[in-house]
Each structure stands twice: as C-alpha cells, then as structure tokens.
1. Of all strands (runs of 3 or more DSSP E) completely enclosed by segment 41-125, which ones contain at least 2 residues that are under 11 Å from the mean Cα position of the chain (by Cα) and of a type in the set (A, V, I, L, M)?
2. Would you pick out the residues in segment 66-81 that are hydrophobic (A, V, I, L, M, F, W, C) and modelled with pLDDT of 90 or more?
3. Please verify whether segment 15-28 includes one or more residues that are among the β-branched types (Val, Ile, Thr), modelled with pLDDT under 70 and within 13 Å of the chain's Cα centre (by Cα).
4. With respect to residue 90, determine if the residue is within 29 Å of residue 6 (Cβ to Cβ) and surrounded by 12 or more Cβ atoms within 10 Å (Cβ to Cβ).
5. For segment 81-114, how many residues are acidic (Asp, Glu) and in contact (Cβ under 8 Å) with a residue 60 or more places away in the chain?
6. Which numbered condition in (1) touching a Lys or Arg at 6+ places or on another chain (Cβ under 7 Å); (2) under 16 Å from residue 53 (Cβ atoms) is the only one that residue 71 fails?
Amino acid sequence: PIDLWDLIKQHFKEMNASLDFHEVMISSGVVSKAVLDLLITRVFDQSSMSYRFFAIGGGAVIDYTKHLILYGLNNAYVIDNFITVPTTAGSGSERTSFAVIFDKLGNKKSIQDKRIKPNHVYYKQTS
C-alpha cells in the first residue's frame, strides 16, 4: 500500500513542481470566519501567485480549504490544483462545489461556486 505522503510527493514529481507547503492543523469541526481569516494570512503571500491545495481530513478541513481557494481566486491568485483526501465519511464535501462557514455570531452560511470543486479525490482504502 502506498503511503499518503508518498502519494503527495509523487503527484508533485509528476507535475514537475516544487513542494513548498503550509501545514495547518484544525482541531474544531466547526468552520469559523475567525479561523479562516487567520489561515488566509498564513497561506497567501506576495512571493507566490500560484498555489496547489491538498485537503486531508473531514468535512471541516475540506470546507476551510474551499474558502481559502475562493479567497485566492477572488484576489488574483492562481489555483493550479485542488486535491482532497477525506478521512471521515458523511459530509461529501470532497466531491462538491459547496462549503459552509459559521460567522462571528454563530450563524451558518453556505457558499456554492463551481471553482471550488476538487480536481481529484483520493480515498484511503480500509481493510
């Protein structure tokens, strides 16, 4: 069986691309605007205008990534690829163009944009 990290490195090698990444750990299952704002400042900078995203986790992780991608696209960044690796079952976020977020007052908001639909989905086999 192939290791997930090996799969990511293989993908970059096939794309003839360098691997410079930001690892972001998300502990809450709730997608909040405050955390998203913090992620935007950590991920996007002026040294690169082109990005690839790997979202490895459950629905909240994938939804955060979709919001980051939408921010990037709306601010002239190029998103070359968006790959999801779901680690939980149920949300279906790994295959859709929808994402949710909770605003500062706790209200749930939904977005839909065909540009945030993942390009590739990898499922981890279980025995």
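The values are calculated or read from the model by the stated rules, or taken from the named source; none is laboratory data. Predicted, not measured: the structure shown is a model, and the values here were computed from it. Cβ placement follows ideal geometry from the backbone for every residue including glycine, while neighbour counts extend to all protein chains displayed.
1. Correct list: 50-57, 78-86.
2. Step one: list which residues in segment 66-81 are hydrophobic (A, V, I, L, M, F, W, C), which gives 68-70, 73, 76, 78-79.
Selection gives 69, 70, 73.
3. Checking segment 15-28: at least one residue is among the β-branched types (Val, Ile, Thr), modelled with pLDDT under 70 and within 13 Å of the chain's Cα centre (by Cα).
4. Spelling it out, it is not the case that residue 90 is within 29 Å of residue 6 (Cβ to Cβ) and surrounded by 12 or more Cβ atoms within 10 Å (Cβ to Cβ).
5. Adding up the residues that qualify gives 1.
6. With (1) touching a Lys or Arg at 6+ places or on another chain (Cβ under 7 Å); (2) under 16 Å from residue 53 (Cβ atoms) applied to residue 71, the lone miss is (1).
One line per residue, one yes/no per condition, for (1) modelled with pLDDT under 85; (2) surrounded by 11 or more Cβ atoms within 10 Å (Cβ to Cβ); (3) β-branched (Val, Ile, Thr):
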position: 62; (1), (2), (3): no, yes, yes
position: 101; (1), (2), (3): yes, yes, yes
position: 109; (1), (2), (3): no, yes, no
position: 113; (1), (2), (3): no, yes, no
position: 116; (1), (2), (3): no, yes, yes
position: 124; (1), (2), (3): yes, yes, no
